[in-house]
Amino acid sequence: MNVHERRELYLHRDTNENNLCAYCRHYCPHYVLLDCHFLVINTGHCLYPRLKLRAAYDICEKFERK
């Protein structure tokens, strides 16, 4: 599965049965403040084993389900 297919899967078929970073226990999403509300954006960072930037639809070998 390539990056474009994973992105479409995350954006349009939002199920946590996929091994995407958005559903991993090590993934921390980034937020933006818009009109006094926080919105989740499609980027974040992974905390395991060190801090690294990730997109919500990325996949890594350290995946652990939330």
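A short reminder: the numbers here are calculations on the coordinates, not readings from a lab. Since the model is a prediction, treat every value here as computed from it, not as a measurement. Cβ coordinates were reconstructed from backbone atoms using ideal geometry, including for glycine residues, and neighbour counts include every protein chain displayed.
Within region 32-66, the set of residues being surrounded by 14 or more Cβ atoms within 10 Å (Cβ to Cβ), of a type outside the set (D, E, K, R) and part of a loop (DSSP other than H, G, I, E, B) comprises LEU47, TYR48, ALA56, TYR57, ILE59, CYS60, PHE63.
On the given criteria, is ASN18 surrounded by 10 or more Cβ atoms within 10 Å (Cβ to Cβ) and part of a loop (DSSP other than H, G, I, E, B)?
Values: surrounded by 10 or more Cβ atoms within 10 Å (Cβ to Cβ): yes; part of a loop (DSSP other than H, G, I, E, B): yes.
Against the criterion (surrounded by 10 or more Cβ atoms within 10 Å (Cβ to Cβ) and part of a loop (DSSP other than H, G, I, E, B)), ASN18 qualifies.
Within region 23-65, being among the basic types (Lys, Arg) and under 18 Å from ARG13 (Cα atoms) holds for one residue alone: ARG65. When the criteria are applied in full, VAL3 meets the requirement of being surrounded by 10 or more Cβ atoms within 10 Å (Cβ to Cβ), hydrophobic (A, V, I, L, M, F, W, C) and out of contact with any Ser or Thr (no Cβ under 7 Å at 6 or more places or on another chain).
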